[in-house]
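The values are calculated or read from the model by the stated rules, or taken from the named source; none is laboratory data. Bear in mind that the values here come from a model prediction, so they are computed numbers and not experimental data. We place every Cβ from the backbone using ideal geometry, glycine too, and count neighbours over all the protein chains shown.
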Amino acid sequence: MAHELRAPLRAMSALVALVQEALGDGGFPEVKADLAKIQGLAEQAHQLTQDLLNLARLGKDGVHLEVWSPRVLVEGALTSCKEALERRHARVETVGEGPPVLADGVLCRVALSNFIHNAIKFQPPHQTPQLRLVVSSAGLWCRIAVEDNGLGIAPKYLERLFRPFSRFHGSHFPGFGLGLAAAAKATKLMNGRIGATSQVGEGSVFWLELPLAAGEGANP
């Protein structure tokens, strides 16, 4: 359905562009303002269809579980978010080590990148994002957590966090509530676990747990 919506949305944007070009630099300011709104809404709808397609395609090319160092997975996610982190002048700290895990590098980057982007997006105005990426292990699992100093979420909403279209900060922040759903799907495809803790005004901790590679960790 999302794929089929792309063609009419592209046609809508093209038609609006043609009308804007025909109007030129002349009058009709109200018409031009309305056309700009239509163009903006079409772009939002196009982004929604793309996000839905990305969510649906996760794992379609297969899941390639390989042995990874958790710190390498963390560094990969930070590299993919480098531009956004620099734009917000975010402060980032990485802590801890862990034994090798079984993971899909692409899927893990999808999950961790969503955690990182949310950590720098959901911030009070003019506050510098501070992120702490923590690697730890217990038993047969390795946890990678992203701690932030953001707005936080009321605990009563935590069980709905990873459902598609879940949004808890109103329309003040862009997005459609699909990022954490993608993170949850990516983690499940890797046989991992996902979760979060948070308090309003005190930031959040989003984490995923990956199974240790064979021969690592304690006996169950």
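Here are a few things to note about the model shown:
- Residue that is surrounded by the fewest Cβ atoms within 10 Å (Cβ to Cβ) [pool: residues in region 90-120 that are more than 15 Å from residue 205 (Cβ to Cβ) and of a type in the set (Asp, Glu)]: 97
- Inter-residue pairs, beta-carbon under 6 Å, first outside the structural domain of residue 207 (by TED's automatic domain parsing) and modelled with pLDDT under 95 and in region 79-102, second surrounded by 18 or more Cβ atoms within 10 Å (Cβ to Cβ) and basic (Lys, Arg), 6+ apart: none
- Picking from residues in region 18-33 that are surrounded by 12 or more Cβ atoms within 10 Å (Cβ to Cβ) and within 19 Å of residue 8 (Cβ to Cβ), the one that is modelled with the highest pLDDT is 19.
- Qualifying residues in region 123-152 (those that are in contact (Cβ under 8 Å) with a residue 60 or more places away in the chain and crowded, with 18+ Cβ neighbours inside 10 Å) - the one farthest from residue 67 (Cα to Cα): 146
Conditions tested, residue by residue: (1) in the same structural domain as residue 127 (by TED's automatic domain parsing); (2) over 14 Å from the mean Cα position of the chain (by Cα); (3) at pLDDT 65 or above.
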residue	(1), (2), (3)
171	yes, yes, no
177	yes, no, yes
185	yes, no, yes
189	yes, yes, yes
194	yes, no, yes
199	yes, yes, yes
203	yes, yes, yes
207	yes, no, yes
218	no, yes, no
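- Only a single item in (1) of a type outside the set (Lys, Arg); (2) closer than 24 Å to residue 202 by Cβ; (3) assigned to a helix (DSSP H, G or I); (4) modelled with pLDDT under 95 is not met by residue 123, and it is number (3).
- Any pair with Cβ under 6 angstrom, 6 or more apart, that starts in region 156-184 at a residue that is within 14 Å of residue 117 (Cβ to Cβ) and ends at one that is among the hydroxyl-bearing types (Ser, Thr, Tyr) and at pLDDT below 80: 177/166
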